[in-house]
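I have placed the structure first, in the form of structure tokens, so that the comments after it can refer back to it.
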Amino acid sequence: MRFTPVLLLFLTHSPGASGQIPDGTPWERVEVVTVDSTAKADELYRAARRWFVDAFRDADEVIQMDDPAGKIIAGKGWFPYNEYGRLWFTIEVEARDGRYRTRVSGVEHRGFGTITFMDVTRPALSLGPIALGDRCYTPIEGPFSNPRKEERDMLQVCAERIHPIMNREVSDLFSSLRLAVENGLKSRSGQDW
């Protein structure tokens, strides 16, 4: 059985749910994988559904839409950013005969917990929707903001933290799904015994 991954990057513009989208294109990554041409959409859908159960701690919590007729599963999950933040995302897997498509989109940084500094406790900072490019979030404006420093910090955070985390974590997700589908297709012919 031969798998041929095809990686595509789709660029769209849609505002995030909890804030203004930064200048640029929302972060999104799509992978289309062509599998054995005899693999039916039902088999690929079942393998993807099983992957959701295995890949996430609580598949019922993650899965937001499960459409067996359309062979589509969509859910929401998160990757750790640091001890004070998480990168939330939407994942969708759609199966067709001989191929399936996985899309990760709608990435948003949300602060988690509280931060205490000099006896002042405040909620952890949320950066909001994440975009591709050097300016991947919209800096928060306030009475003490320093636009030049915030611009420099943003460029560093995007290039050195957010994008590498997303690229690594999404690549790992795609790899684990490819393996799960491959194993699911092997088991249909009894080759795994």
Determine ³J(HN,Hα), in whole Hz, for all residues of the stretch 86-96 in sequence, where each value follows from phi through the Karplus function 6.51 cos²θ - 1.76 cosθ + 1.60 and θ = phi - 60°; x replaces Gly and Pro. 9, 9, 7, 8, 10, 10, 9, 10, 10, 10, 10
On the protein heavy atoms, probe 1.4 angstrom, tell me the percent of accessible surface of the stretch 82-166 carried by carbon and sulfur. 53
Inter-label distance for Glu151 and Val30, nm, one decimal - labels placed 7 Å from Cα along Cα-to-Cβ: 3.4
For Lys186, the lysines lying under 19 Å Cα to Cα, once residues fewer than eight places off in the same chain are dropped, come out as Lys40
Between Ala69 and Ile115, what is the spin-label point distance in nm, taking each point 7 Å from the Cα along the Cα→C-beta axis? 4.8
Projected label distance in nm at Phe79 and Arg101, using a 7 Å step from Cα toward the beta-carbon: 2.2
Mind listing the long-range amide H neighbours of Arg99? Cut-off is under 5 Å, sequence gap 5 or more, other chains count too, H placed in the peptide plane at 1.01 Å from N. Val35
Within the under-9-Å Cβ sphere about Val32, not counting Val32, Lys/Arg +1 and Asp/Glu -1 give a net charge of +1
Per the rule of 0.36 nm per residue minus the C-alpha distance, extending Ala124 to Ser175 adds in nm 15.2 nm
In the stretch 56-106, which GluC sites (Glu not before Pro) are in a loop and have at most 14 other Cβ atoms within 10 Å, using DSSP for the loop call? Glu83
Once phi is turned into θ = phi - 60°, what whole-Hz ³J(HN,Hα) does the Karplus curve with 6.51, -1.76 and 1.60 give for every residue of the stretch 168-181, x standing for Gly and Pro? 5, 5, 5, 4, 5, 4, 4, 5, 5, 5, 4, 5, 5, 5
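The values are calculated or read from the model by the stated rules, or taken from the named source; none is laboratory data. Predicted model, so just to flag it, every value in this text is computed and none were measured. Cβ atoms come from the backbone with ideal geometry, glycine included; neighbour counts cover every protein chain shown. Only protein heavy atoms, including side chains, enter the accessible area calculation; ligands, DNA and RNA are left aside. Shrake-Rupley method; radii C 1.70, N 1.55, O 1.52, S 1.80 Å.
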